[in-house]
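**Q** Here's a structure for you.
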Amino acid sequence: KSLYLVATGLGLLAVALVFSWSSFAFAEGNIPTKGDPKSQAYVELERASGGALHYYEKDGQFFLSGKLSKAQTPGVKAAKSFLDTYKALFGIKSVDLDLKAAEPDKDDTGDTFVRFTQLINGVEVQGSLVNVHFDQDGAIVSVNGRVLQDRRITNLGNLAITQSAAVSTARKQFTFEK
């Protein structure tokens, strides 16, 4: 059996409005303070990449683009290293514990995409995604996706219901025509 958590809200963020650091906003009306870990991660990335970054975040969805890394061999290892270095920017606590990588995909133009699904206590969060995009030279040029920030899992216990009890409950709640 597969168990999935459902991340509610809008679908994955596609290319939308993108803001540069001068109009940088993590969420409307929520500009981070100087000591904020997300702000620090952004400043470190901006310094490492030589600037010209674009970042937008809203409702748990994020989009980051620019020359985010030097040329390297694209793949899971390089993507995990990048995400681990700047994890505060994406709301990731532990890349190894919070993300599960899929096999990298290469498109017709030679770009490589490494996709990750979020895990909470080892359980996949349906609707979550972190996508790391490498260009043909192996440089990371964008990271986008959705990461659920509320990592609490409610345990409903070991409740079980018999088939006859389920049918009885359904008959009480719905009208059936024969």
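The values are calculated or read from the model by the stated rules, or taken from the named source; none is laboratory data. The shown structure was predicted, so the numbers you read here are calculated from the model rather than taken from an experiment. We place every Cβ from the backbone using ideal geometry, glycine too, and count neighbours over all the protein chains shown. Surface accessibility is based on the protein's heavy atoms, side chains included, excluding ligands, DNA and RNA. Shrake-Rupley method; radii C 1.70, N 1.55, O 1.52, S 1.80 Å.
**Q** How much accessible surface does residue 162 have with a 1.4 Å probe, in Å² rounded to 10?
**A** Only protein atoms counted, so the area is about 80 Å².
**Q** Would you kindly derive the ³J(HN,Hα) couplings of region 51-57 from the backbone phi angles with the Karplus curve 6.51 cos²θ - 1.76 cosθ + 1.60 (θ = phi - 60°), listing them in order in whole Hz, with x for Gly and Pro?
**A** x, 6, 9, 10, 9, 9, 9
**Q** Once you list every other residue whose beta carbon is under 9 Å from the beta carbon of residue 101, what net charge do they have if Lys and Arg are +1 and Asp and Glu are -1?
**A** Values: positive: 80, 100, 115; negative: 103.
After counting each charged neighbour, the total is +2.
**Q** Per 0.36 nm of contour for each residue apart, how much would the distance between residue 164 and residue 67 grow if the chain were fully extended, relative to their Cα-Cα spacing? Please list the in-between numbers first.
**A** Numbers: separation 97, 0.36 × 97 = 34.92 nm, distance 6.00 nm.
Here the answer is 28.9 nm.
**Q** Give, as a single signed number, the net charge of other residues whose beta carbon lies under 13 Å from the beta carbon of residue 84, with Lys and Arg counted +1 and Asp and Glu -1.
**A** Numbers: positive: 77, 80, 87, 93; negative: 44, 96, 98.
Cβ neighbours under 13 Å give a net charge of +1.
**Q** Greater than 21 Å separation of Cα atoms is the criterion. Which listed pairs, 70/100; 67/93; 38/77; 67/106; 80/106, meet it? Please list the in-between numbers first.
**A** On the way: 70/100 24 Å; 67/93 24 Å; 38/77 23 Å; 67/106 19 Å; 80/106 17 Å.
Those over the limit are 70/100; 67/93; 38/77.
**Q** With every protein chain kept in the model, how would you rank 125, 167 by accessible area, 1.4 Å probe, largest at the top? Show your work: numbers first, answer last.
**A** Values: 125 0, 167 60 Å².
So the residues, ranked largest to smallest area, are 167, 125.
**Q** Tell me, Kirkwood radius of region 69-119 from alpha-carbon pair distances, in Å?
**A** The answer is 11.6 Å.
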